[in-house]
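Beneath this line is the structure, given in structure tokens, with notes to follow.
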């Protein structure tokens with residue numbers, strides 16, 4: 001069975017568009033690997049947590065920041081499709 005990603009976001013903080021953007025990126029990148037992405041409004045203010053099948057893979061409060069889309073794709077890939085090449089999202093940036 002294909003995994004479901006849940007993005008729990010704070011609607012009071014105005015983070016629905018950020019969650020929708022990340023959902024779109026994940027669905028585009030993992031077309032054949034995911035059952036879907038669920039956007040779930042949080043009942044607790046300030047919450048932005050990403051889960052795969054109920055297992056937390058990223059928490060904004062714990063990290064002290066939002067995930068970068070590249071980072072989120074890598075976290076998802078490591079769970080749902082470990083051998084998948086993410087192209088430019090796998091390359092490290094040069095400073």
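Of all residues in segment 2-17, which are surrounded by 16 or more Cβ atoms within 10 Å (Cβ to Cβ) and either touching a residue at least 40 places away in the same chain (Cβ under 8 Å) or not in a loop (DSSP other than H, G, I, E, B) (or both)? Of everything in segment 2-17, those that are surrounded by 16 or more Cβ atoms within 10 Å (Cβ to Cβ) and either touching a residue at least 40 places away in the same chain (Cβ under 8 Å) or not in a loop (DSSP other than H, G, I, E, B) (or both) turn out to be 3, 5, 6, 7, 8, 9.
Take the residues in segment 19-31 that are in contact (Cβ under 8 Å) with a residue 24 or more places away in the chain and in contact with a strand residue (DSSP E or B) (Cβ under 7 Å, 6 or more places away or on another chain); name whichever of them is surrounded by the most Cβ atoms within 10 Å (Cβ to Cβ). By that ranking, first place goes to 22.
When residue 56 is tested against (1) surrounded by fewer than 13 Cβ atoms within 10 Å (Cβ to Cβ); (2) touching a residue at least 12 places away in the same chain (Cβ under 8 Å); (3) in a strand (DSSP E or B), only condition (2) is not met.
When we screen 39, 34, 72 for residues that are in a loop (DSSP other than H, G, I, E, B), within 14 Å of the chain's Cα centre (by Cα) and surrounded by 14 or more Cβ atoms within 10 Å (Cβ to Cβ), the only hit is 34. Of the residues examined, residue 50 is not one that is out of contact with any helix residue (DSSP H, G or I) (no Cβ under 6 Å at 6 or more places or on another chain), surrounded by 14 or more Cβ atoms within 10 Å (Cβ to Cβ) and either in a helix (DSSP H, G or I) or without any contact (Cβ under 8 Å) to a residue 12 or more places away in the chain (or both).
Computed from the coordinates by the stated procedures, all read-outs in this text should not be read as laboratory data. Note that the structure is predicted; figures quoted are calculated from it, not measured. Methodologically, a virtual Cβ is constructed for each residue, glycine included, from the backbone with ideal geometry; neighbour enumeration extends over all protein chains shown.
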